[in-house]
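J.: My questions all concern the structure below.
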Amino acid sequence: MTDHLVLDGVTRRFGSHTALDDVSFTLAAGSICGLLGRNGAGKTTLLSLIAGQDLPSAGTIHVNGHSPFEHAPTLAGINLVRDNQRYPDDFTVGNVLSIAPRFLPHWDADFAKRLVAGFRVPLNQSVKKFSRGQLSAVAIVLGLASRAPLTLMDEPYLGLDVNARRYFHEALVRDVAEHPRTVILSTHHVEESESLFDRVLIVDSGRILLNADIDEIPEIAFTVSGRDDAIRELTAGLDVLRLHTVPGLASATIRGSADDAFLVRAEAVGARIQGVSVADLVTAFGSESAAEAVAA
Amino acid sequence: MTVLGTPAQTRTPEASDVTSNFNSSSSSTKGPAMNPVLAVTQLHLTRKRMTFGVPVLYVGVVAVLSILISLIAWRAGSQPGSTGWIVSSRSNPGLVWALGGFLGYMGVSSTATTFRFAITLGATRRAFTLGTLLWNLVIASYLAVVLTVLAALELATNHWFVGFYIFDIAILGNGNLPATFAIVLLGVLAMLTVAGVFGAAWIRFSNRGPILLGIGIGLVIVVAVLILVPQAAQIVAAFEPWWLAIAAGVAIIAASLGSWRLLRRAIIR
Amino acid sequence: MFTGTTPLFQQLATRLADDIVSGTYPEESAVPSATDLAVFFDLNPATASKGVNLLVEQGALYKKRGIGIFVAPGARELLLAQRRDRLRADFVEPLVREARLLGLRPAEIERLVRDTLAKEPS
C-alpha cells in the first residue's frame with residue numbers, strides 16, 4: 001500500500017522567515033496523529049500546505065499520490081479549519097451547516113447537528129461575535145462532520161472549557177472508531193490529548209524532530225535525575241536533549257534507552273531513571289532547538 | 001471500569017477494518033457533493049438579504065428621494081409633464097451613486113471574505129473565480145429584471161399617475177425597456193467584477209494589493225486620456241451608446257481574467 | 001486516567017484483567033467494546049483494540065463475530081495463574097530489596113511477613 005501522505009523536502013519561507021525547513025515524512029492511512037510543538041513551531045504552516053491552502057517554497061506534498069493544490073478530487077478528501085478561520089460577513093452556524101454539504105462529499109448533517117447541540121453553539125448568532133471557545137467548537141463540528149478521509153485539526157483546544165474538551169474527545173474517539181480515517185491534530189497542550197494518539201510528529205523551529213508510533217516512545221528517550229555533579233558526569237558524551245538544573249539538582253532527558261552498564265553507574269551515584277511521556281519529549285525537543293538558537 | 005454499563009455498541013474495530021474502511025471511504029471521494037462552481041455560487045447566495053434584499057432597499061431609498069425631489073420641484077413651481085420637468089427628472093443620477101457604491105462594497109467584500117471559507121470547504125481557486133462570476137451574473141440579472149419591471153410599471157401607469165420620472169430616466173435608457181435591461185445587466189456586472197478584482201488583489205497582496213491596482217488602473221486611464229485628448233471633440237461627436245456596452249463588456253472580461261490571475265496561486269495566510 | 005510510561009494498551013489490558021479477576025466481569029459475560037473503552041478512557045481506538053486483543057491472544061477474552069467480546073470460560077483461573085507466576089518478581093523481590101536497603105536482617109523480614117499475615121483477616 002502506498003503511503004497516504006508524503007512530504008519530500010518541503011520548505012516554506014515567508015520573506016526572510018523560514019517557517020518550515022526541508023521537511024520530509026510519510027504517514028500511513030488510518031491514524032490519529034498528534035502534531036506537537038511549541039507556538040510558532042510551524043504546525044499551522046504544515047497543515048495549510050497539506051490541505052492545499054498554501055504552496056511550498058520548495059519540495060513536494062502528495063496526498064494519495066496527488067499534489068493537493070488546486071486538485072479538486074484530492075481537496076474533496078481533506079478538511080482543514082484553521083485556528084484563525086474567517087467566515088463570510090454575518091455568517092451564522094446555521095449558514096455553515098446549510099452550505100457545508102454542498103462542498104463536502106462525506107458530510108453527515110445529523111452528526112453535525114448533534115455536535116452543535118453538544119457544544120451548545122448558538123445557531124443564529126453571527127460567528128463574528130463568537131468567543132474563542134465557540135470558534136473552536138465550530139471548527140471541530142466542521143472537522144468531525146466532514147468525515148474527510150484526511151481531517152486536519154489546528155489547535156482544536158483553544159478556549160474550550162473542560163466540559164467541551166471532554167465532549168470533543170468522546171465525539172472524536174467514537175466517530176473515528178466507527179468511521180476510520182486519518183486525523184492529524186495539532187496542539188501545544190500535549191498532556192490533554194496524549195492518550196488519543198497512535199502516532200506523534202514533533203515539530204520545532206520548522207523541522208520535524210520526531211515521527212514515531214506511540215508505542216516506540218519509551219525507547220526514544222529516558223530521564224535521569226539526581227545530584228547535579230553526578231548527573232553531569234553520568235551524561236557526559238551522551239545525547240542530552242534537555243538538561244534541567246537548580247543548584248544541587250539536575251534532570252537530564254537523554255536520547256536512546258539506558259543500557260545495563262548505565263543502570264549500574266546510575267545506581268552507584270544514586271541517580272534515578274524514569275521513562276518519558278510524550279509531553280516530556282515535546283519539552284525536551286523544544287528546549288534543544290531553543291538552546292541551539294541561543295548558541296547560534 | 002465498573003461504571004461502564006452494558007455496551008451498546010459491540011462492534012470492535014480491527015486494524016484491518018481501519019485500512020479497509022479508509023480505502024472504501026477514500027474511493028468514494030471521486031466527485032464533490034455538487035458541481036463545485038455552483039457550490040461557490042450557492043455559498044455567496046447563502047447571504048440572501050445581502051444579495052436580494054439590500055440592493056432593492058437601495059433602489060427603494062433612491063425612489064423615495066426622487067419622489068421627494070420631484071415634490072420640492074413641484075412646490076417650487078415646476079409643472080409635472082412640462083418639458084423642463086421631464087428633462088431635469090430624467091437626468092437624476094442618484095441611482096448610479098447609491099447602487100454603485102453598494103455594489104462596489106459588495107463586490108470587494110464578497111470576494112475578500114468568502115474566499116478563505118470557500119478554500120476551507122475544499123473549493124479550488126478556479127471554482128471560486130467562476131462561481132463568484134456566476135453569482136455576479138445572478139445579481140446583475142436579478143437587478144436588471146427588477147428595474148426593467150419597475151420601469152415598465154412606470155410607463156404603464158403613465159408615470160405613477162402624476163408624472164414622476166423615477167425609472168424612466170436617462171441612465172436607464174429613457175424608458176426603452178430592452179435598453180434598461182441591458183444597461184442594468186452590464187452596468188451591475190461590470191461594477192461587481194471590477195470591485196471583485198480589488199478584493200482579489202487584497203487576498204493576494206493584502207493591503208498594498210488594492211492600492212497598487214488602483215494606481216495601475218488610474219495610470220492606464222490617464223495615459224489613454226493623454227493619447228485621445230487631441231481627438232476629444234471628434235470622439236464626443238461620433239459617440240454612440242453601444243460604445244459603453246462594449247466598454248462594459250471589456251471591463252467585465254478584463255476584471256474576470258484579472259481576478260483569476262490574482263487568485264490562481266493565492267494562499268491563505 | 002492512565003499514567004506512567006507503560007504502553008497504554010498494556011495498561012488497559014491490565015485493568016480489564018483486574019476486573020475479570022475481581023469478578024466485575026464474570027466468565028461468559030460481555031465486556032465493553034473496544035470503541036466504548038476508547039471513549040471511556042480517552043484512548044486511541046487502535047490502542048484500545050490492541051489492549052483487548054492482548055487478552056484475546058492470552059485466551060482470557062474471546063470474540064463472537066458481530067456480537068461482541070466475552071470473558072472466556074476459565075479466564076479468571078488463567079489470569080490468577082499468570083499473577084501467581086509474577087508474584088515473586090512483582091512483589092517479593094522488590095520487598096526484599098527495599099528491606100535490605102533499610103538494613104533488615106532475613107529473620108526480621110520473615111517476622112514482618114508473618115505479622116502482616118496474622119493481622120490480615122483471611
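J.: Within the range C:5-73, list the trypsin sites (Lys or Arg not before Pro) lying in a DSSP loop whose Cβ has at most 15 other Cβ atoms in a 10 Å radius.
T.: Sparse-neighbourhood loop trypsin sites (Lys or Arg not before Pro): C:R65.
J.: When a/c is below 1.5 the answer is rounded, else prolate if a/b is larger than b/c, else oblate, so apply that to chain B with a ≥ b ≥ c taken from the square roots of the Cα gyration tensor eigenvalues.
T.: prolate
J.: Using the Karplus curve 6.51 cos²θ - 1.76 cosθ + 1.60 with θ = phi - 60°, work out ³J(HN,Hα) for each residue of the range B:36-52 in order, rounded to whole Hz, and write x for Gly and Pro.
T.: Computed from phi, the couplings for the range B:36-52 are x, 5, 5, 4, 5, 4, 5, 4, 5, 5, 4, 8, 5, 4, 5, 6, 9 Hz.
J.: Pick out which of C:P73, C:P45, C:P106 has the largest mean-square fluctuation in a Gaussian network model of chain C, springs linking Cα atoms closer than 10 Å.
T.: Residue with maximal mean-square fluctuation among C:P73, C:P45, C:P106: C:P106.
J.: Zone of B:V236 (label point 7 Å along Cα→Cβ, backbone N under 13 Å): which residues in the range B:75-96?
T.: The answer is none.
J.: If you don't mind, there's one more thing I want to ask. Considering only DSSP beta bridges with both partners in chain A, what is the antiparallel share in %, to the nearest 5?
T.: Roughly 65 percent of the beta bridges in chain A run antiparallel, per DSSP.
J.: Once label points are set 7 Å from the Cα along Cα→Cβ at both C:L101 and C:D18, what is their separation, rounded to one decimal in nm?
T.: Label-label distance for C:L101 and C:D18, simple model: 2.2 nm.
J.: Restricting to Cα atoms and excluding each atom paired with itself, what does the Kirkwood estimate give for chain A in Å?
T.: 20.7
J.: Can you work out the Karplus-derived ³J(HN,Hα) for every residue in the range A:156-161? Use 6.51 cos²θ - 1.76 cosθ + 1.60 with θ = phi - 60°, whole Hz, and x for glycine or proline.
T.: x, 8, 3, x, 6, 7
J.: Here is a further query. Could you tell me whether the range B:139-269 comes out rounded, prolate or oblate from its Cα gyration tensor? Rule is a ≥ b ≥ c as square roots of the eigenvalues, rounded for a/c under 1.5, then prolate if a/b exceeds b/c, otherwise oblate.
T.: Oblate is the answer for the range B:139-269, as a/c is 1.5 or above yet b/c matches or exceeds a/b.
J.: If you place +1 on the Cβ of every Lys and Arg and -1 on the Cβ of every Asp and Glu, how big does the dipole about the Cα centre of the range B:30-189 come out, in debye to the nearest 20?
T.: Using Cβ point charges on Lys, Arg, Asp and Glu, the range B:30-189 gives about 660 debye.
J.: Now a separate question. What nm value, rounded to one decimal, do you get for the distance between C:R86 and A:V264 when each label is placed 7 Å out toward the C-beta?
T.: Output for this residue pair reads 2.9 nm.
J.: Taking amide H atoms as placed 1.01 Å from N in the peptide plane, list the residues 5 or more away in sequence, or in a different chain, whose amide H sits under 5 Å from that of C:V31.
T.: C:I69, C:F70, C:V71
J.: Looking at the protein assembly as shown, what % of its DSSP beta bridges pair antiparallel, to the nearest 5?
T.: 70
J.: Cut-off 10 angstrom, C-alpha nodes, Gaussian network model of chain A. Which of A:V240, A:V96, A:V269 fluctuates the most?
T.: A:V269
J.: Nearest 20 debye, what's the magnitude of the dipole of chain B about its Cα centre given +1 on Lys and Arg Cβ and -1 on Asp and Glu Cβ?
T.: Computed about the Cα centre, the dipole is about 780 debye.
J.: Averaging over every viewing direction, what projected area does the convex hull of the Cα atoms of the range B:137-190 cover, in nm²?
T.: Answer in nm², one decimal: 3.1.
J.: Could I ask something else about it? Rank C:L102, C:G59, C:Q10 by how far each Cα sits towards the positive end of the charge dipole of chain C (+1 on Lys, Arg Cβ; -1 on Asp, Glu Cβ) and give me just the farthest.
T.: Projecting each Cα onto the dipole axis, the largest value belongs to C:L102.
J.: Go ahead and set up a Gaussian network model of chain B, Cα springs under 10 Å, then flag whichever of B:S89, B:S110, B:S78 fluctuates most.
T.: Residue with maximal mean-square fluctuation among B:S89, B:S110, B:S78: B:S78.
J.: Can you give the local net charge around B:G258? Use residues other than it whose beta-carbon is closer than 13 angstrom to its beta-carbon, Lys and Arg +1, Asp and Glu -1.
T.: For residues surrounding B:G258, the net value is +3.
J.: P(r) for the protein assembly as shown: what percent of alpha-carbon pairs falls in each 10 Å bin, starting at zero?
T.: For the protein assembly as shown, the pair-distance distribution reads 3, 12, 18, 19, 15, 11, 8, 6, 4, 2, 1, 1, 0.
J.: Moving to a separate point now. Could you let me know the centre-to-centre spacing of the range B:172-201 and the range C:41-59, using Cα atoms, in angstrom?
T.: Comparing the Cα centres of the range B:172-201 and the range C:41-59, I get a distance of 65 Å.
J.: Okay, moving on. Take the alpha-carbon centre of the range A:1-74, take the same for the range C:71-110, and report the distance between them in whole Å.
T.: Centre-to-centre (Cα) distance: 51 Å.
J.: Here is a further query. How big is the charge dipole of the protein assembly as shown about its Cα centre, in debye rounded to the nearest 20, if each Lys and Arg gets +1 on its Cβ and each Asp and Glu gets -1 on its Cβ?
T.: The dipole magnitude comes to about 2240 debye.
J.: Using θ = phi - 60° and the Karplus form 6.51 cos²θ - 1.76 cosθ + 1.60, what ³J(HN,Hα) does each residue of the range A:109-116 get, whole Hz, x for Gly and Pro?
T.: 5, 5, 4, 4, 4, 4, 5, 4
J.: Determine the calculated [θ] at 222 nm for chain B from helices alone, applying -39500 (n - 2.57) to every DSSP H run no shorter than 4 residues and normalising by the residue count; nearest 500 deg cm²/dmol.
T.: When only DSSP H runs of four or more count, the value is -24500 deg cm²/dmol.
Each reported figure results from applying straightforward, stated rules to the coordinates on display, with no laboratory input. What you are looking at is a predicted structure, and each value in this text was computed from that prediction instead of being measured. As a convention, Cβ positions derive from the backbone with ideal geometry for all residues, glycine included, and neighbour counts pool all protein chains shown.
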